[in-house]
Amino acid sequence: MKLSEYIGLDALGMAQLLKDGEVTARELMECALAQVSAQQESINAVAFADEAGALARAARAAEGPFQGVPFLVKELLSYPGLRTAMGSRLFAQYVPAEGSAYTERLDGAGLAVLGNSTSSEFGLLGSTESLLHGPTRNPWNLEASAGGSSGGSAAAVAAGVVPLAHASDGGGSIRGPASLCGLFGFMPSAGRCVSAGNQGKLAELLVEHCVSRSVRDSAALLAATEATGAQARYRPVGFCREPARRRLRIGYYTRTLSGGEPEPEVEAALHETVELCRGLGHELVATPGPAVDGKALSDAFFTLAGGTLAGVAASMEPLLGRSVGADELEPFTLALIEWYRRQESGAMERAMVALRTAAEQMHRFAEAFDMLLCPTLAGVPKPLGYLSPRLDRETLIARTEAYVGYTPIHNMSGMPAMSVPLSLSPHALPVGSHFAARPGDDALLLGLAYELEAAAPWVGRLPLAAAGGHATGR
């Protein structure tokens, strides 16, 4: 198979060729590894490529829906035998012996893991430029960020390394990178999928899934990983394959959680999406947006993050024989831990109360609509360094609150949500539109995604880095 053919296929397209005997899993993996080699210096999306293991996994891939398709797992997900650094020098040599129910489902779906994708340190930041790996670059503009914390997965899919990749989302980490890299980024309802083994209060916000080029790839992976039987929190979706037929009442807004407004290119893209949905027969209703205290939400999130990381640092100090310092953790991570340690006792409990309050407010707001629409991010891709872990804590959090101003509330409220790559800015950079539904209404979102994909196709639109020097399509 030629690389030009490989990058033109989605995962289920590759799987069909495998089932028809037109290509072997080894050929596909060799293409993926060639793309890793070709793109690594410029994009830097792969944290660790396990070539020998990848070829072995391709040879023994299960006969699931993906049947040998190359795949990356984000370096925050423990996959057996794969170096899993979590974007941190502190865990640079960590190799988990065991996976989880989630990784077992990935294997059972026939995905052949070739390695893991880069992440910001512990998934904290909205840009993937860790001190361990260096910056991950956006295939649409090599001077721009691919987002975070799943920036490596998004950059790898956009650059044609793999057709879909695992991603996780604790405040926008699937949806933000998908928007910046021109991909479909779906976050399932909290608790829909089987456990990935995450522990602690911060883990309650975390949802596992993927970034993909096509809606059907994401839908197929959801069917393969969702909980069923006694474990299921919601009625299983199964493999959702069809565009929506039901016409929806969609509330749309532009105001961020902190009260700001998006950049003009993003606002223009949102209105394009509003008109597209109206043209499809949906009812679009302008609304001021949820009445949620964005500052309280941000403080609560970073309190949970600081408390969690303070515990990680304390657990590692006996092994190091000293305090964890600048040789192991990034400046922002250290500053966040110190900020948390200065808070009065009970900070974690107060943070959880704030999150529950915000979730209740969001649920009340969503009751009036079938679905909600807003920008995914408040701006187009930012230059590398804009959300650098070397910045001081106050600057970095303020920029995060302004830029990542829409997506965190959906994690707190357990709502399924998606970024759909419907627009390009005047400078030909991707701009995603963000849709969210009530908890459990994942199928409703996927049905709309199929409808939008048919009305405004994006799968053949590739960035310069993937298309051999020529960006393709609109």
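Restricting attention to region 309-332, report how many residues are hydroxyl-bearing (Ser, Thr, Tyr) and either more than 20 Å from ALA85 (Cβ to Cβ) or not in a helix (DSSP H, G or I) (or both).
First pass over region 309-332, keeping only residues hydroxyl-bearing (Ser, Thr, Tyr): 315, 323.
Now restrict to residues that are either more than 20 Å from ALA85 (Cβ to Cβ) or not in a helix (DSSP H, G or I) (or both): 323.
So the answer is 1.
What are the residues in region 219-244 that are out of contact with any helix residue (DSSP H, G or I) (no Cβ under 9 Å at 6 or more places or on another chain), under 19 Å from ALA417 (Cβ atoms) and aliphatic (A, V, I, L, M), if any?
ALA223
Answer with yes or no whether LEU90 is over 28 Å from LEU180 (Cα atoms), in contact (Cβ under 8 Å) with a residue 24 or more places away in the chain and buried (at least 19 other Cβ atoms within 10 Å of the Cβ).
When the stated conditions are applied, LEU90 passes them.
Which residue, of LEU257, LEU276, LEU284, is part of a helix (DSSP H, G or I) and either at pLDDT 95 or above or surrounded by 18 or more Cβ atoms within 10 Å (Cβ to Cβ) (or both)?
After ruling out the rest, the residue left standing is LEU276.
GLY385 versus (1) of a type in the set (Gly, Ala, Ser); (2) touching a residue at least 12 places away in the same chain (Cβ under 8 Å); (3) more than 30 Å from GLU261 (Cα to Cα): which is the lone unmet condition?
Result: GLY385 passes all but (3).
Restricting attention to region 118-131, which residues are within 20 Å of the chain's Cα centre (by Cα) and either closer than 19 Å to SER37 by Cα or assigned to a loop (DSSP other than H, G, I, E, B) (or both)?
THR118, SER119, SER120, LEU124, LEU125, GLY126, SER127, THR128 - these are the residues of region 118-131 that are within 20 Å of the chain's Cα centre (by Cα) and either closer than 19 Å to SER37 by Cα or assigned to a loop (DSSP other than H, G, I, E, B) (or both).
On the given criteria, is LEU304 in contact with a Lys or Arg (Cβ under 8 Å, 6 or more places away or on another chain), surrounded by 17 or more Cβ atoms within 10 Å (Cβ to Cβ) and hydrophobic (A, V, I, L, M, F, W, C)?
In short, yes.
Only residues in region 1-27 that are touching a residue at least 40 places away in the same chain (Cβ under 8 Å) count as the first member; pair them with residues that are acidic (Asp, Glu), Cβ under 8 angstrom, at least 6 apart or cross-chain, and list the lot.
ASP10/ASP217; ALA11/ASP217; LEU12/ASP217
Tally up the residues in region 1-27 that are under 18 Å from LEU464 (Cα atoms), aliphatic (A, V, I, L, M) and assigned to a loop (DSSP other than H, G, I, E, B), please.
Matching residues across region 1-27 total 2.
Considering each residue of region 388-423, count those that are in contact (Cβ under 8 Å) with a residue 24 or more places away in the chain and more than 14 Å from the chain's Cα centre (by Cα), and give that number.
Selection size over region 388-423: 21.
Does region 333-355 include one or more residues that are within 30 Å of LEU429 (Cβ to Cβ) and in a strand (DSSP E or B)?
no
The values are calculated or read from the model by the stated rules, or taken from the named source; none is laboratory data. It should be emphasised that the depicted structure is a prediction, and the values quoted were computed from it without experimental measurement. Note that each Cβ is placed from the backbone with ideal geometry, even for glycine, and that neighbours are counted across all protein chains shown.
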